[in-house]
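Please treat every number below as a calculation from the coordinates, not as lab data. All of these numbers come straight from a predicted model, not from anything done at the bench. Neighbour counts run over all protein chains shown; Cβ positions are idealised from the backbone, glycine included.
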Amino acid sequence: MRAAIRPVVARLLGAVVVVWGAVTCSFGALQLIPGDPVNAIVGTNALVGPEQRELLRERYHFDQPLFIQYADHLGRLATGRLGDSYQLQQSVWTVITNQLWPTVELALWASLLAVVLSVAVTVLTSGRSRWPRRISSLVELLVVSTPAFWLGILLLTVFSFHLGWLPVSDTGDPRSLVLPVVTLGLPIAAILTQVLREGLLTALDAPFVLTARARGLAEHSVRSRHALRHSTLPALTLTGWFVGTLLGGAVIVENVFARPGVGRVALQAVSDRDFPVVQGVVALSAVVFVVVAAVVDGLYAVVDPRLRRRTGMVAA
Amino acid sequence: MTATAEPGGATRADTRDSDEPRPASAVVLEVAGLDVRFGSGPGQVHAVRDVSLTLTAGRCVALVGESGSGKSTLGRALLGLAGPNATVTARRLHIHGADALAFGPRDWRTVRGRRLGLVSQDALVALDPLRPIGREIAEPMVAHRLVARRDTGSAVRALLERVGVPDPEQRARSYPHQLSGGLRQRALIASALAAQPDVLITDEPTTALDASVQARILALLGQLKADGTGLLLISHDLAVVEALADEVAVMHEGSVVEAGPVAEVLTHPHHPYTVALLDAVPGRRPRASAGGPPGAPRAAGGGADADGDPLLVVTGAVKHFPVARGARRTAVDDVSFTLRAGETLGLVGESGSGKSTLAGLVLGLLAPDSGEVRLAGRPWSRRPERERRAERHTLQLVPQDPLSAFDPRWTVARILGEALAAVDVPRPDRRTDALPLLEQVGLTDAHLDRRPSALSGGQRQRVAIARALATRPRLLVCDEPVSALDVSTQAQILALLRELAGSLGLAVLFISHDLAVIREICARVLVMKDGRIVETGPVERVFTDPHHPYTRELLSAVPGEIGRAARAGTVPSRPAEERTEMTEMTEKN
């Protein structure tokens, strides 16, 4: 029983450390932004006297030493109080939860697109004929090297302004999701395809593939039942990068397509010096990272039985 | 050259019933004038040249030859799996009466697994490591629509039972890495048998296995043959061929140079290559120094310890390794031995017996949990590494697989230079100092700028020996130095080691699972089982008059002449089959 609990405890401790590190870094980074935070609260051209400014300073504890502010901040986070936004007159919690769904929707569709597209392209193009693979490699390289905002603007120009097939910005219409999802998902699909293809080609050279072919299996069964699963192992390792790209990409995509979402709120909060909102988004991202990492560790064991506990060989 | 079976085998085009008894002489595969070429243009490699074979149900044809002789390529070409770069041509290729030269991909798929099954070398990688063996075994039945996917359970159990896997219900859910080498190989054979093919193409089916497990797998293949399955046995091991084959075809550089009934070819070889191959088999080779330990007379010049204190003294060495849930496994259990300069000591045992752990203790790479290792009269174990490093050059390792023991991007000059740097040879002199080392092991300056991948297996092992000699060691630890080599290369490397040990007065700890090799090179032998030394003595005495039952079991498991001698001379009356069956049950749970 104890042996089963130990890894879970270690995992949780690690998660706490990761979240703490992210929160500390963002706290430090925000202190480096020059200017008086009171200005951010009252606005630049508000007519506020020095007494009231002093009052605000006291209320938000800006008069305390930095370390006390930091400890205070950690204490509030630990008890789940994210504080109130300086600008929006709402609690940070409300701001984030209101904006969460559009971002989640975007990220999920983009992930689905990336996975389906990359698996399909990999299986179809890593055949014995070279041309499909070469063309696909070229397209991947182009997509990977295109910055996300540029890709978004390009897609908008072609499909919305010229062809008029898809709406320019969020209209509540499901069609308005198409371009943002493509912009976010395509670069991820391109990298995943490269990794999957490399893995698939390595796996297709393995002795067990010869065994499978010698059983009379059709080529597509050899790939889908044997080789593909092996090629997903290196791709799983990329998941951390994958999540980071989704979060970072959401900021750009939501701004380019004028969609609501956490990314847009975060960008707005940084330029407004709305510290509590920025801190809230950072803490949320850290938690998402930690949860995804835990899920991926579980997935490794699902895909590769050799990594499962207590299935190791007992004797020679 | 044709390895023709009994003539007149009527080809059966009818669809089979699995219960129908097969006629003994049914020809399954007939090939004449088969050529396989890789690539095109001037870089083309002609891997198989004008080979003709006939495979018959219930008979075993063996293909022997060194690696690179085209055996495996031929086996794959018969399955239509020679690869995308290969061009296969033949005058005639009939599989089960159908003309395979006209086959499209779909026709080949109906033949693979159903008419011809494949058993490859190492089941750990030849079975999909991510799938339980039950699913792997069921796959051919499903692919050929013999059984519906959900009804495969009982058929899989029956197959596992047939190949001698105990507790089939549970084993079907195991993954390859959870099984021992022998059980894995049985599972691979079961999966090849699943669609009831008439012929199994077995490509080095026992090469990755220990001698006693090998004997059991050979017995299983013999049983399958008796049941009416034809075998194409691809092997470099003549002892295995002798044990199983009815006919043999000797391949050399893509051509069959000699073919005929196995007894005739092995006893009266005609072609010089066959003669050379037979002479190279360990145990058949003449022993260079049947008398005293090799090099002993000259050893006095090599070191002052020759008649004084032994060079290496191991007393009561114990090493445990922690395993899951706080338990521990004893890898080396109270082992004591001594080794003198100029002496070659053999260490033999199956994999998992603790040989390599013991080598690690001697090399000072592992610290013993109790007991002591002394080198040249001074303590060796339990010293801080900082202090020990200055003396490390006195003992060197020759690894099993030099390809993975070398940095593949380094040239030979750099590999040797690194070893020379360890004994403070200044950088500008390293290249000139490397040359005599290469010459000492029979290579030339032409090899200095090659990378390991551009060397043959034998040349790589020579470089490994040169690297070990670079520090002027007094003790060589050779961990399975010839297991990865062909028999003829093996003979050359063993001769080289023997000569070097003699001329340099080296002490050699020679680790091997191959009894014939040990017998050829060692004067004294330690037999190791489960971490303990169960028997020790002069090699001739141990081989002709083994005292411990485990030594007897090891000896009787050797296929071919030595094994026969052991079986005839010293093994008690209990038949070998019965005993192997019993050990089989304890092989793994």
For the stretch A:2-78, alpha-carbon Rg over 2.2 N^0.38 Å: 1.60
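Considering only DSSP beta bridges whose two residues both sit in the protein assembly as shown, what percent are antiparallel, to the nearest 5? Mind showing how you got there, number by number?
Working: 46 of 85 bridges.
Restricted to the protein assembly as shown, the bridges split so that about 55 percent are antiparallel.
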Under-22-angstrom lysine pairs by C-alpha in the protein assembly as shown, whenever the two are 8 or more apart or on separate chains: 6
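If you rank B:E66, B:E391 by fewest surrounding Cβ atoms within 10 Å, what's the result?
With the sparsest Cβ surroundings first, the list reads B:E391, B:E66.
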log₁₀ of I(q)/I(0) at q = 0.09 Å⁻¹ - the stretch B:325-472, Debye sum with one point per alpha carbon: -0.36
Whole-Å semi-axes of the protein assembly as shown's equivalent ellipsoid (Cα gyration tensor): 61, 40, 26
Helical contribution to [θ] at 222 nm, DSSP H n ≥ 4, -39,500 (n - 2.57), averaged over chain B, rounded to 500: -10500 deg cm²/dmol
Cα pair distances exceeding 47 angstrom across chain B, given as percent: 18
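In Å³ and rounded to a whole number, note down the convex hull volume per residue for the Cα atoms of the stretch A:69-134.
172
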Contact order normalised by residue count of chain B, Cα under 8 Å, 6+ apart, percent: 14
Overall dimensions of the stretch A:156-304 as given by Cα atoms, namely Rg and Dmax in Å: 20.5, 65
Hydrodynamic radius by Kirkwood, which averages 1/r over all alpha carbon pairs of the stretch B:76-208, in angstrom: 15.5
Compactness of the stretch B:164-226 as Cα Rg over 2.2 N^0.38 Å, two decimals: 1.10
Chain A - percent relative contact order, Cα under 8 Å, separation 6 or more: 25
Separation between Cα centres of the stretch B:467-528 and the stretch B:124-156, rounded to whole Å: 44
At most 13 other Cβ within 10 Å, DSSP loop - trypsin sites (Lys or Arg not before Pro), the stretch B:407-478: B:R409
Angstrom value of the Kirkwood radius, inverse mean 1/r, which spans all Cα pairs in chain A: 23.0
Axial C-alpha extent at least 27 Å, average Kyte-Doolittle at least 0.0 - helices from chain A (DSSP): A:2-32, A:92-125, A:178-204, A:275-303
Mean Kyte hydropathy of -0.5 or more with a Cα span along the axis of at least 20 Å, helices from DSSP in chain B: B:211-226, B:487-504
Percent RCO, i.e. relative contact order, over the stretch A:27-153, from Cα pairs under 8 Å lying at least 6 residues apart: 12
Ratio Rg/Rh [Cα only; Rh per Kirkwood] for the stretch B:123-196: 0.92
5 Å-binned pair-distance histogram of the stretch A:104-168 (Cα, whole percent): 3, 15, 14, 21, 22, 15, 7, 2, 0
For the stretch B:342-387 and the stretch A:244-291, distance of Cα centres in Å: 59
Alpha-carbon Rg/Rh ratio, for the stretch A:217-316, with Rh computed the Kirkwood way: 1.19
